[in-house]
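Structure first, then comments.
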Amino acid sequence: MIPAVEHRVRDLRLDRRALRAEHARVTWWRRLVRAKLDLAVAHAAQPQALGEDMAFQLPPEIGVEVPRPAVLAAVLATSNGVDGLRIDELRALDEQLARYGDGVEAALGRATERLISRLAQEPRATLSGLPEPLSRG
């Protein structure tokens with residue numbers, strides 16, 4: 001016969017296992033609902049196209065990774081409740097967006113480093129470009 005304490009520990013472990021599985025299911029459903037909500041909002045709000053104002057801020061090898069607006073718009077297009085793109089196309093687009101995002105992030109990092117270097121050389125430049133404070137009179 002199993003001692004009462006061991007039995008309770010085993011039951012607790014089984015409860016935890018069941019709860020972990022349920023937590024995984026809830027998490028999955030929340031991801032699905034949030035994704036659907038994001039698509040509904042994006043369909044209504046039509047996000048801005050990528051790369052339009054980035055011609056001189058990004059290296060050419062990154063600039064060519066920006067997806068065309070029509071490809072991005074196809075993500076939001078639906079017909080009869082079926083997504084316009086297949087899963088393999090969405091994965092390919094996600095990979096392309098990841099490469100582009102990595103390049104944008106790297107370019108932002110370089111721009112930030114340049115700004116920090118400049119401000120370190122000339123601290124008074126920190127205030128340039130800021131609006132004048134409102135007067136109290």
*³J(HN,Hα) across the range 12-27 via Karplus (A = 6.51, B = -1.76, C = 1.60, θ = phi - 60°), whole Hz, x for Gly/Pro?*
5, 5, 5, 4, 4, 4, 5, 5, 4, 5, 5, 4, 4, 5, 5, 4
*Working out 0.36 nm times the residue gap between Ala24 and Gln96, then minus their Cα-Cα distance, what length gain in nm do you get to one decimal?*
23.1 nm
*Where trypsin sites (Lys or Arg not before Pro) fall in DSSP loop in the range 14-121, at most 11 other Cβ within 10 Å*: Arg86
*How many nm is it between the label spots at His43 and Ile116, if each spot is 7 Å from the Cα in line with the beta carbon?*
4.3
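Any read-out appearing in this document is the output of simple, stated calculations on the displayed coordinates, not a laboratory observation. Model, not experiment: these values are computed from the prediction. Virtual Cβ from ideal backbone geometry, glycine too; neighbours counted across all protein chains shown.
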